[in-house]
Each structure stands twice: as C-alpha cells, then as structure tokens.
Amino acid sequence: MHFFLALAFLFCIGSVSGWVLELFFRRFFSSANPERKWINPGFCSGPYVPLYGLGLCLMYCIAQLEGFGVFAAPVWGRLLICLVIALCMTGLEYLAGSLALRWANLRLWDYTGQWGNIRGIICPKFSLVWAALGAAYTILVHRYMLQAVSWLADHLAYSFFIGLFFGVFLIDVIQSAELVSKIRRFAEENNVIVRYEAIKAKIRAKREEARLKYHFFRPFFTERPLIEHLLELKESFEQRIRRL
C-alpha cells in the first residue's frame, strides 16, 4: 500500500515539476517558439504533464537498483543507471507518441526536424536530455525523494492532498479526452494527422489578432467552433498513411 501511495506522490511531483521545466524550455529555448511567448505545455490544461509524472516514478524505481549487481560499482553503476533511465524514458516517450498517432491521428509533439528522429516521436537529442535529467535525479535528487517518501509514510494524513490532486487531474483528463475525440473525428474524416500545438498556436493568434483575452490555462477556449480552426489548418497537417 505504501509503495503505491509513494508512486502516486511521485507522479504528482513529477507531473508538476515537468510542467514547469517544459514551460521554461518552451519560453526560452524552443525553436518552435521564436516569439518567446509563454506556452501552456502538455496534453492537459492544468499545470501538470503526465509523461513527467510517469517518468519520475520510473527514475525512482530504477535509482533503487544502485548498489545491486551490475549497478554496484560507485561510478559505472551510476552511469549504467543513467543509461537505463535514458532508454526507459525514450521508450515511454515513443509509446505515448505512438499511441496518440495510432489512436487519435494526433501529434502531441513533433521532432521531425531533429537529426536521427524516428517518426518525429523520439530523437537522439532528447534522449540525451533524458540521460542528463536521469543523472541529475540520481546524483542530486533521489536521496531527497527517499526522505520525502519516508516522511509521507509517517504522515499519512497529508495523502489527502494527493487525492485532491488526482481528483482535479481526472476531471482535466476527461475534458481533454473529449477535445481529442473531436480532433480524432476530424482527422479521420480528412485523412490527416493533426498537430496539437499548432491548434493552440492558431487559437492564440486569432484571439490576439481580435484583441481578445487569451486564457493560458484554457488554451482551446474560443468563441468559434473548433472545426473552423481545424479547417483553416488542414493544408498544413501531414497526410495520414492508410494501412491495409
């Protein structure tokens, strides 16, 4: 029971921390944001990115291997842990991106312009980023995560806040899933793959053009039907390859 509570706790921390990382990366470093605007990242509207939440759970479990078997060597063991984290996170990223493409004809992110990319879902550059994050976690963060998990086990009353987080998160996921179902229907009818971030950018540009308030935590809020924005972007979407 404590193990699953610990994972739920780590998922909360990872999701929010990952959202903050993505927020600053897109604002200051992303080539896809030359205007350097603040962009709400991720699939959901709220301040969390589930991929990072799952990632922190993975890092936590993998880092627990330190000191055992092939991971026993002080230096090489840690390097191997960082490599395993990079491979697992790349695999998780590929799985999430592939499911979005296959099930909803939707690109949640796009690495098409990056060297060595596979289907625009993963690429060596960001695998190195995962390795760096894995190293930072293993060397600097893991011991504090162990302390935090131990503290939570001794103060279970605070697990209420974890339940509150998941309540809000579940509502957000349901609303986002409804939006994705509309996008999926459009993609199937028009035989295209829709870029999630392109829709956000389109809605933001239209609202700024009309001098209307842009809702940071409601990036898909618009007075116009979503289908109108999708039709305007249709020519920029890639054609879906039909499989027999």
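In a fully extended conformation the segment linking F166 and V20 would gain 50.7 nm over its present Cα-Cα distance, using 0.36 nm per residue.
If the segment from Q114 to E238 were pulled out straight at 0.36 nm per residue, it would be longer than the present Cα-Cα gap by 43.0 nm. The peptide list 191-198, 232-239, put in order of mean Cβ contacts within 10 Å with the highest first, becomes 191-198, 232-239. Taken one residue at a time, the phi angles of the stretch 95-104 give Karplus couplings (6.51, -1.76, 1.60, θ = phi - 60°) of 4, 5, x, 5, 5, 5, 5, 6, 7, 10 Hz. Gly and Pro are set to x.
Rounded to whole Å, give me the distance from the Cα center of the stretch 110-174 to that of the stretch 4-63. Here the answer is 6 Å between Cα centres. Annotation: amide H of R107 within the under-5 Å range of V194, R195, Y196, sequence separation 5 or more or interchain, hydrogens built in the peptide plane. Computed from backbone phi, the HN-Hα couplings of the stretch 66-83 come to 4, x, 10, x, 5, 9, 6, 5, x, 8, 5, x, 5, 4, 5, 4, 4, 5 Hz, rounded to whole numbers (Karplus: 6.51 cos²θ - 1.76 cosθ + 1.60, θ = phi - 60°; Gly and Pro given as x). Altogether, the Stokes-Einstein calculation at 10 °C and 1.306 mPa s, with the Kirkwood radius of the chain over Cα pairs as Rh, returns a diffusion coefficient of 80 µm²/s. Using only side-chain charges placed at the Cβ, +1 for Lys and Arg and -1 for Asp and Glu, the dipole size of the chain relative to its Cα centre rounds to 580 debye.
Over the stretch 137-235, what is the mean sequence separation of C-alpha contacts under 8 Å (at least six apart), divided by residue count, expressed as relative contact order in percent? Before the final figure, lay out the partial values.
Numbers: 27 pairs, mean separation 18.8, N = 99.
About 19 percent, as a whole number.
Any chance you could give the angle, 0 to 90 degrees and rounded to 10, that helix 159-190 forms with the longest Cα principal axis of the chain? So the helix axis and the longest Cα principal axis differ by about 40 degrees. The residue list L128, Q114, F166 was ranked by how far each Cα lies along the charge dipole of the stretch 113-187 toward its positive end, using unit charges on Cβ atoms, and Q114 comes out on top. Among the listed pairs K125/K206; K206/K234; K200/K234; K125/K213, give every one whose C-alpha distance is greater than 26 Å. K125/K206; K125/K213, as the Cα separations exceed 26 Å there. Each principal axis of the Cα cloud of the stretch 19-163 was taken in turn, and the coordinate range along them, longest first, works out to 43, 39, 32 Å. Only DSSP H runs of four or more residues enter the estimate; each adds -39500 (n - 2.57), and after division by the residues of the chain the mean residue ellipticity at 222 nm equals -21000 deg cm²/dmol. Taken along the Cα-to-beta-carbon direction at a fixed 7 Å, the label points for W38 and R102 span 3.8 nm.
Only Cα pairs under 8 Å and 6+ residues apart enter the sum, and on that basis the relative contact order of the chain stands at 19 percent.
All of the numbers you see were taken from the coordinates with simple rules; none came from a lab. These numbers come from a predicted model, not from an experiment. Ideal geometry is used to build each Cβ from the backbone, glycine not excepted, and the neighbour counts take in all protein chains shown.
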